[in-house]
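Please treat every number below as a calculation from the coordinates, not as lab data. Here the structure is a predicted model, which is why all the values come from computation and not from measurement. Ideal geometry is used to build each Cβ from the backbone, glycine not excepted, and the neighbour counts take in all protein chains shown.
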Amino acid sequence: MSDQLPGDQGVRSEQERRAVQHADDPSEPGRPALISRETVYPQGWPEQPGLFMLRNDFPAQIVFAGESYASVLHGYWALSTADAFDRSRIRDAASGREAHDLGGRATHRSDWPDVRLAVMAELLRAKFTQHPELAQVLVSTGDARISYTGLSDSPFWRDVPDGRGRNWMGRLLELTRSELAAQQLLRPEDPSVLK
């Protein structure tokens with residue numbers, strides 16, 4: 001007579017089935033969530049801004065769709081507008097905060113709710129592919145969940161403690177990080193890809 005109880009075979013069978021279905025689960029727990037807090041630097045950004053360079057108002061000149069923007073925030077709000085004059089004013093704003101304020105007052109493109117996620121994703125790709133030193137900081141966060149917080153951005157873009165926040169910015173940063181990591185794996189000999 002076998003030492004197995006009648007249900008042992010069923011339990012073992014279920015464990016084997018789950019091992020196959022969940023074969024891509026990480027073997028180790030992920031890093032704790034990284035919280036990207038909104039911070040104001042009245043005297044300008046510190047020499048070593050660290051994770052603050054993940055913020056959209058961090059001054060990182062990017063070229064997108066043939067235009068140059070002082071930050072992701074400049075690009076996002078400029079591209080949201082329906083009017084060429086507003087777009088120029090926002091693009092040339094003195095700071096990300098000013099670009100945000102001008103963009104919030106401008107008339108938006110009629111299709112903006114439909115395209116804003118795609119535009120933001122492309123702006124982030126531009127930022128991190130055009131600035132490898134910033135990409136290294138983002139990739140160094142590993143598999144940590146990125147919680148983008150603050151008061152200036154709408155709950156659509158940030159984490160909000162009461163659960164209203166959708167944290168799309170954190171999600172898009174995580175997606176961009178994954179794309180950058182994949183580029184490293186697929187083309188390690190290419191000098192334009194991060195090292």
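Some points to look at:
- Database remark: amide H of SER147 closer than 5 angstrom to the amide H of LEU34, ILE35, SER36 (H placed geometrically; neighbours at sequence offset of 5 or more, or on other chains; Pro and chain starts carry no H).
- The rule of thumb for compact globular proteins, 2.2 N^0.38 Å, goes into the C-alpha radius of gyration of the stretch 46-173 1.02 times.
- With semi-axes defined as the square roots of five times the eigenvalues of the C-alpha gyration tensor, the equivalent ellipsoid of the stretch 114-195 measures 26, 13, 10 Å, largest first.
- Point-to-point label distance, SER140-SER13, nm (Cα→Cβ direction, 7 Å offset): 5.2 nm
- Debye log10 I(q)/I(0) for the stretch 72-145, one point scatterer per Cα, at q = 0.15, 0.22, 0.24, 0.26 Å⁻¹: -0.57, -0.94, -1.02, -1.10
- Built amide H within the under 5 Å cut-off of THR81, gap 5+: ARG109
- The simple Förster model, with R0 at 41 Å and r as the Cβ-Cβ distance, assigns ALA84 and TYR41 a FRET efficiency of 0.80.
- Coupling constants for the stretch 154-163 follow from the phi torsions by the Karplus curve (6.51 cos²θ - 1.76 cosθ + 1.60, θ = phi - 60°), and in residue order they are 5, x, 4, 8, 10, 7, 10, x, 7, x Hz; glycine and proline get x.
- The stretch 17-83: projected area of the alpha-carbon convex hull, averaged over directions, in nm²: 9.0 nm²
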